[in-house]
Amino acid sequence: MTGDHLAIEVSRLTKRFGDVTAVRDLSFTVRPGVITGFLGPNGAGKTTTMRMMTGLVSPTGGTATIGGRTYGQLARPSRTVGAVFDANAFHSGHTARDHLRVYAAMGGYPDSRVTDLLDMLGLAEAAHRRTRGFSTGMRQRLNLATALLGDPRVLLLDEPGNGLDPEGVSWLRGFLRQFADEGRTVLISSHALGEIQQLVDDVVVIRRGELVAAGPCSQLAGPPAVLVTSPDAAALAAVLTAGPANGGPAPHVEAAGPDRLRVRGLDAPGLADLAAAHHVRVHELVVETTSLEELFLHLTRDKAVS
Amino acid sequence: MNLLIRAEFRRLLATRMWGGLLLAAAALGGGMFGAMALAGPENFDPPMPGLDTEAGLRAILGILGYTAFVPAAAGALAVTSEHRHHTAAVTFLFAPRRGRVLAAKLATYAVVGLAYGLVLAGTAAVALFAVAAARGVALGLPATTVLALLGRIAVAMVVYLLLGAGVGALVHHQIAALCVVTGYLYVGEPVLMMIPGVNTLYPILPGGATAALTDFTYVADAISAELGSGAVHLLPPAAGALLLTAYAVAASAIAVLLPLRRDVT
């Protein structure tokens, strides 16, 4: 599958556990070549959805395919998909190397691949230590090493940031970016939005097992706003709402304090030029990007109201 | 399939359980059995026939057969280890055909069970013949018969390991599986033997079938005598062997088929 660009397609996926519907009629696509964040509060159904993608949980209805095939249809699944679900998925009496060798045998990969991964993930020195003594960061890296044994085209990580130190998060960020830049597919779930804010290109937001929003962050967030501080705020607002001389649409202006305006639809240089042309004083210009957290709260709130 | 079996061997050999199991086999065969032979069944409390009689020889071989709870516990431990250590999901990610994973485990465990049985029987044979020579006792059965009986015990160990694995696949929870396996073998069967009417089932229970292998009726007879119920008639050795095999096949089938549709959460 080397070189393939594989999308994950989730179509009308539903899972009921007894009376509880964990996932309800969920459809979305995860693009290759970018990092997609799978967001939602705890218990939203993220883990169940990812387990259905990998055949660990069988759906009550609908399908999840990877490159057009269900997980069970993949000839050598570990060559196509690597997944990390449990932060602590090793025999406590096994060494890091033992653990990787078991799964290398299962997937048909040579021991040299085990050595390479131990080196790549900084576990070479811990290779012969039993995993019961491993720190959270080491466990995360060993999990990742296991998922990467088959050099997969798709990587699924369930809450990878849990318990990682800032250094670990920074390393993971760099690693995943490179992975995605090679045209591979990355889906990482998180309930801690700040953690993956700088990391993801696309988001899929779910709540109570249902889709809230999906798409590139930039599109979902809308155009960035510019926060302008001016002692002549009223005059500036008048100029802005009058619209450009060429008759184009006027930017959207709202008050954000006594001397402040929040402007959408005009970028910072345009706003500064306009102010200068009308001799309006500007003391501060700040470009506001919507944080994932705000976006998420905004999206889930809208959904709750509707 | 070969890849899966290789993986299971690697999984097992990397733990300390493997070495411990063979040590236990040597301790039970060479140690416990040797000590029993050295003391002599005639000096047991209550006394049993001596090593120079067929009954005495069959009795201590039968007691050796009672150690089958050790491989049964090992089988339950091994098969539940993936759930205890949360590696089942990882394993099924690498090998989504779960039945084949379990089949590979059983094949691996059968080899381990055989190794256990051979060490147990081998050390027991060495201990028995050495003790007989040292004490100048002529054994109550020809050496070839003794070896054949020990061979049957070795095979019974394989069956029990697989039985334990089947229970483990059914129960999943490691401690619960261990309790079920050892509890049944140690308490469940003897209790069943004491219930009038139900005790007639004993010959077709795993313990009765194992006893049939060595024609070991000492425990059953003692309970019958205590309760005044009729003597227990064990199956012929060949039928016992067939029945044990059937138990192993049933346990294996449970172990292979059960996880197919379960959600791994």
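The values are calculated or read from the model by the stated rules, or taken from the named source; none is laboratory data. Remember, predicted model here, so these are calculated numbers, not experimental data. Heads up, the Cβs are rebuilt from the backbone with ideal geometry, glycines too, and the neighbour counts pull from every protein chain shown.
Does at least one position in the range A:5-17 carry a residue that is farther than 21 Å from A:Ala180 by Cα, in a loop (DSSP other than H, G, I, E, B), free of Cβ contacts under 8 Å to residues at least 40 places away in the same chain and over 17 Å from the mean Cα position of the chain (by Cα)?
Step one: filter the range A:5-17 for residues farther than 21 Å from A:Ala180 by Cα, giving A:11-17.
Going one step further and asking which of them are in a loop (DSSP other than H, G, I, E, B), we end up with none.
Scanning the range A:5-17 turns up no residue that is farther than 21 Å from A:Ala180 by Cα, in a loop (DSSP other than H, G, I, E, B), free of Cβ contacts under 8 Å to residues at least 40 places away in the same chain and over 17 Å from the mean Cα position of the chain (by Cα).
If I filter the range A:162-172 for residues that are touching a Leu at 6+ places or on another chain (Cβ under 6 Å), in the same structural domain as A:Asp201 (by TED's automatic domain parsing) and crowded, with 21+ Cβ neighbours inside 10 Å, do I get at least one hit? Working first, answer last.
Residues of the range A:162-172 touching a Leu at 6+ places or on another chain (Cβ under 6 Å): none.
No, that holds for no residue.
Test A:Thr49 against the criterion of being away from chain B (no Cβ under 11 Å), buried (at least 17 other Cβ atoms within 10 Å of the Cβ) and assigned to a helix (DSSP H, G or I), and give yes or no.
Yes, satisfied.
Mind checking which residues of the range A:52-77 are more than 8 Å from chain B (Cβ to nearest Cβ), over 22 Å from A:Ala180 (Cβ atoms) and in a helix (DSSP H, G or I)?
Matches in the range A:52-77: A:Met52, A:Gln73.
When you scan the range A:78-90, how many residues do you find that are within 7 Å of another protein chain (Cβ to nearest Cβ), part of a strand (DSSP E or B) and closer than 12 Å to A:Asn162 by Cβ?
0
So which residues in the range A:136-156 are more than 19 Å from the chain's Cα centre (by Cα) and farther than 23 Å from A:Glu9 by Cβ?
A:Thr136, A:Gly137, A:Met138, A:Arg139, A:Leu142, A:Ala145, A:Thr146, A:Leu149, listed by residue number.
Output the qualifying pairs, or none if there are none: Cβ atoms under 6 angstrom, residues six or more apart or on different chains, first residue in the range A:145-174 and farther than 20 Å from B:Val90 by Cβ, second residue small (Gly, Ala, Ser) and not in a helix (DSSP H, G or I).
Correct list of pairs: A:Val169/A:Gly161.
Going through A:Gly93, A:Gly43 one at a time, which residue ends up being within 14 Å of chain B (Cβ to nearest Cβ), surrounded by fewer than 21 Cβ atoms within 10 Å (Cβ to Cβ), assigned to a loop (DSSP other than H, G, I, E, B) and within 19 Å of the chain's Cα centre (by Cα)?
Values: A:Gly93 fails: within 19 Å of the chain's Cα centre (by Cα).
It is A:Gly43.
Only one residue in A:Asp165, A:Asp116 is at pLDDT 95 or above, more than 30 Å from A:Val10 (Cβ to Cβ) and acidic (Asp, Glu), so which one is that?
Answer to the selection: A:Asp116.
Would you point out the residue of the range B:108-120, among those that are surrounded by 24 or more Cβ atoms within 10 Å (Cβ to Cβ) and over 12 Å from the mean Cα position of the chain (by Cα), that is farthest from B:Leu147 (Cα to Cα)?
By that ranking, first place goes to B:Tyr109.
Let's see how each residue does on (1) crowded, with 20+ Cβ neighbours inside 10 Å; (2) within 14 Å of chain A (Cβ to nearest Cβ); (3) of a type outside the set (Phe, Trp, Tyr); (4) closer than 30 Å to A:Ser78 by Cα:
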| residue | (1), (2), (3), (4) |
| --- | --- |
| B:Ala14 | no, yes, yes, yes |
| B:Leu21 | yes, yes, yes, no |
| B:Gly31 | no, no, yes, no |
| B:Met36 | yes, no, yes, no |
| B:Asn43 | no, no, yes, no |
| B:Thr91 | yes, yes, yes, yes |
| B:Arg100 | no, yes, yes, yes |
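Give me a count of the residues in the range A:230-255 that are surrounded by 17 or more Cβ atoms within 10 Å (Cβ to Cβ) and either assigned to a loop (DSSP other than H, G, I, E, B) or in the same structural domain as A:Thr48 (by TED's automatic domain parsing) (or both).
Residues that pass the stated criteria total 3.
With the checklist (1) at pLDDT 90 or above; (2) closer than 26 Å to A:Val154 by Cα; (3) loosely packed, with under 14 Cβ neighbours inside 10 Å in hand, flag the one item A:Ser218 doesn't pass.
Single failed check for A:Ser218: (1).
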